[in-house]
Amino acid sequence: MIRTATAEDIPRLTDIWRRAATRAHPFIPAGFWASRAEAMARRLAVAEELEVLEVEGRAIGFAALDGDHLEALYIDPEVQSYGHGSRLMAHAMARHARLTLCVYSRNVRAVSFYHRLGFHAVDQRREPEAGEEETLMCWER
């Protein structure tokens with residue numbers, strides 16, 4: 001089930017984010033993610049649109065959007081590769097005619113995932129906090 005997040009979900013979602021981000025970005029030190037957990041929790045708490053994917057009563061992933069921009073999409077590493085990310089993206093794409101997102105360019109798995117969904121790269125830039133190149137991607141219905 002996909003549902004709107006509640007304040008009670010934020011600690012679980014932050015934990016999913018930290019573990020999934022650490023796994024997806026081995027080129028960034030794990031301490032980078034741990035040091036930003038509180039800031040991420042604050043961002044999630046005020047997200048314009050925060051949707052939770054719940055399976056058997058447990059949150060296993062989420063999508064955070066600010067207007068037509070996907071700020072975050074994370075799935076618990078324990079249940080990745082079962083189509084949960086695609087399910088959350090289909091939900092977001094059904095509700096928006098256009099979406100943009102930024103993804104670290106070296107996260108080849110994520111870049112490929114978004115390409116498969118119909119996103120295309122529109123710009124490259126350096127993300128200042130991690131000092132990594134990121135790709136701005138766009139999808140339109």
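Every number here is computed from the coordinates shown, using simple stated rules; none is lab data. Keep in mind the model is a prediction, meaning the values are calculated, not measured. Please note: Cβ atoms are built from the backbone with ideal geometry, for glycine as well, and neighbour counts cover all protein chains shown.
The table for this structure:
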item	result
Given the chain, longest segment not containing exposed loop chymotrypsin sites (Phe, Trp or Tyr not before Pro) (DSSP; at most 16 other Cβ within 10 Å)	83-141
Ascending count of other beta-carbon atoms within 10 Å, so fewest first, for D68, D15	D15, D68
Segments 48-56, 2-10 sorted - mean Cβ within 10 Å per residue, highest first	48-56, 2-10
Potential extension, A130-E56 segment - 0.36 nm per residue separation minus Cα distance	23.1 nm
Modelled FRET efficiency - R0 22 Å, H69 with A45, Cβ distances, 0.05 increments	0.80
Cα centroid separation - segment 17-94 against segment 103-141, whole Å	15 Å
Mean Cα-pair separation over length for segment 2-140, i.e. relative contact order, pairs under 8 Å, 6 or more apart, %	20 percent
